[in-house]
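*Asks:* Got a structure for you, questions after.
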Amino acid sequence: MITELILAVFLMAVGLSVAGAGTHFYQSMFHEPAILRFDGAHFTGMIGHLLMSFFCGPYIMLRLGWGQGSSDGKSLTNVLVGSAVSFGWAFITGLLFIGIYMAVLGR
């Protein structure tokens, strides 16, 4: 049982690492903040923003919480929901990344 828990924590850590690295890479390459969005000037721009939001979403959610617009304070409930969504999302991202890594290695 402890092995499965350690594996889940490892997958979340990998997912958050991929999300954080992707977020900083996106911000340095395109010189605009990484936010959750799916708009774009054309179809490929929309797909690019959608992919960025999927892979960078856990890190963005942890950084911003489940914000309510421009208010400075965040309620505890919103922060807890945001972190729960973020860690669940990071698990999926980590599972996808490790799955692709293992498929490429052929193990």
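*Asks:* How about the stretch 1-101: which trypsin sites (Lys or Arg not before Pro) there lie in a loop by DSSP and see at most 16 other Cβ atoms within 10 Å?
*Replies:* 37, 74
*Asks:* For the stretch 22-41 and the stretch 82-107, compute the distance between their C-alpha centroids and round to whole Å.
*Replies:* Between the Cα centres of the stretch 22-41 and the stretch 82-107 lies a distance of 20 Å.
*Asks:* As a test of the formula, what do you get for the chain when each DSSP H run with n ≥ 4 contributes -39,500 (n - 2.57) and the sum is divided by the residue count, at 222 nm and rounded to the nearest 500 deg cm²/dmol?
*Replies:* -27000 deg cm²/dmol
*Asks:* Also, quick follow-up: Going out from 0 in 5 Å bins, what whole percent of all Cα-Cα distances in the stretch 1-92 drops into each bin?
*Replies:* 3, 14, 19, 21, 18, 14, 6, 3, 1, 0
*Asks:* Let me ask another. What spacing in nm lies between the two simple spin-label points modelled at residue 1 and residue 64, each 7 Å away from Cα in the Cβ direction?
*Replies:* Spacing of the two 7 Å Cα→Cβ label points: 3.8 nm.
*Asks:* Which chymotrypsin sites (Phe, Trp or Tyr not before Pro) in the stretch 14-65 sit in a loop by DSSP (not H, G, I, E or B) and have at most 14 other Cβ atoms within 10 Å of their own Cβ?
*Replies:* Within the stretch 14-65, the qualifying chymotrypsin sites (Phe, Trp or Tyr not before Pro) (loop, at most 14 other Cβ atoms within 10 Å) are 38.
*Asks:* Also, I was wondering about something else. For the stretch 16-28, in order, what is each residue's ³J(HN,Hα) by Karplus, 6.51 cos²θ - 1.76 cosθ + 1.60 with θ = phi - 60°, in whole Hz (x at glycine and Pro)?
*Replies:* 5, 5, 5, 5, x, 5, x, 5, 5, 5, 4, 5, 6
Values quoted throughout were computed directly from the atomic coordinates according to the rules given, and no laboratory measurement underlies them. These numbers come from a predicted model, not from an experiment. Reconstructed Cβ throughout: ideal geometry from the backbone, glycine too, with neighbour counts over all protein chains shown.
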